[in-house]
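Contents: one structure, followed by commentary.
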Amino acid sequence: MGRLDGKVTVVTGAAGGIGETTARLAHSEGASVVLADLEAGGVEKIASELGDRAVGVAVDVTKREDNERMVSAAAEKFGRLDGAFLNAGIEGEVGPFDSRSDEAWEKVFAVNVHGVRYGAEAALPLIREAGGGSLVMTSSVAGLRGAAGLSPYVASKHAVLGMARTLAVELGPEGIRVNTLNPGPVDNRMMRSIEEQAKPGHGDDVREGFIARVPMGRYVTNDECAGMVVFLLSDAASGCTGNAFVVDGGYCAH
Ligand SMILES: NC(=O)c1ccc[n+]([C@@H]2O[C@H](COP(=O)([O-])OP(=O)(O)OC[C@H]3O[C@@H](n4cnc5c(N)ncnc54)[C@H](O)[C@@H]3O)[C@@H](O)[C@H]2O)c1
């Protein structure tokens, strides 16, 4: 028996490191999954590998209508919606606070904050129809701490946690749980980009600096993040709402 048997969930950023790994784990735990990402090719390929109970859709989370289409795919294909992993995000450009352009701030907020908001707005009617469910939004340890050079990203990830907490308070009476996943540095594409932007040609030095701050002495993995998300989507987390669930190897323990 799977932990998500009979449940239907959408996953945004499903062609990326954490999203794909989570979609695969959720599917293996019995969920039907709508995989959403910018380009159809990647998510359709993953969905076809998964076979039954999976569909890939091209979605730009910054567009309200795309989020609605994603949720409609769940209704049309699987007849209901119990959960959403609103995970699509971008790191943006790395640089000092007072060198960031309006466009740089707007781009990061469009995806990381408004993309999550549109996803939640689109999913809520169907989750209500299902009689309750679970929203998991990807924040970060950058939603709990500052990080030099990443001001739009850090501000956006704090905003996600604020949105999740507020929604949890509003939706608790309806049996809809809302939590955030807060990963520390993950061993995947996004960290490679941040490392390389922070010190072009010497990304390894930046990586070593990050790792020196992690008590467990390594980056966390996509699998470790996926495990937390599947727990939060499952009934095992029935008492959990309004909280940040940190997967960081101890990074925030300092
Ligand atoms: N990698 C890390 O160290 C780390 C740490 C903390 C939090 N996070 C967060 O985890 C989430 C997943 O990131 P990841 O680490 O898997 O990186 P990733 O870059 O592999 O995945 C992000 C995915 O989001 C998709 N995406 C970007 N803009 C989109 C849009 N407008 N519409 C739809 N999809 C879009 C990308 O195509 C990509 O597939 C992000 O929100 C990120 O901020 C990552």
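Points worth noting:
- Near Gly6, once Lys and Arg are set to +1 and Asp and Glu to -1 for all other residues with Cβ below 10 Å from its Cβ, the sum equals 0.
- If you model region 1-93 as an ellipsoid using its alpha carbon gyration tensor, with each semi-axis the square root of five times an eigenvalue, the axes come out at 20, 14, 12 Å, biggest first.
- Cα-Cα P(r), the chain, percent of pairs per 10 Å interval: 8, 33, 37, 18, 4, 0
- When you filter the GluC sites (Glu not before Pro) in region 1-49 for DSSP loop state and at most 15 other Cβ atoms inside 10 Å of their Cβ, you are left with Glu39.
- Restricting the calculation to Cα atoms, region 78-147 shows an Rg/Rh of 1.11 when the hydrodynamic-style radius is the Kirkwood one.
- Between region 213-254 and region 133-178, the C-alpha centres lie 14 angstrom from each other.
Bear in mind these aren't lab numbers, they're just calculated from the coordinates by the rules spelled out. Not measured: the values here are computed from a predicted model. Note that we place each Cβ from the backbone using ideal geometry, even for glycine, and neighbour counts take in every protein chain shown.
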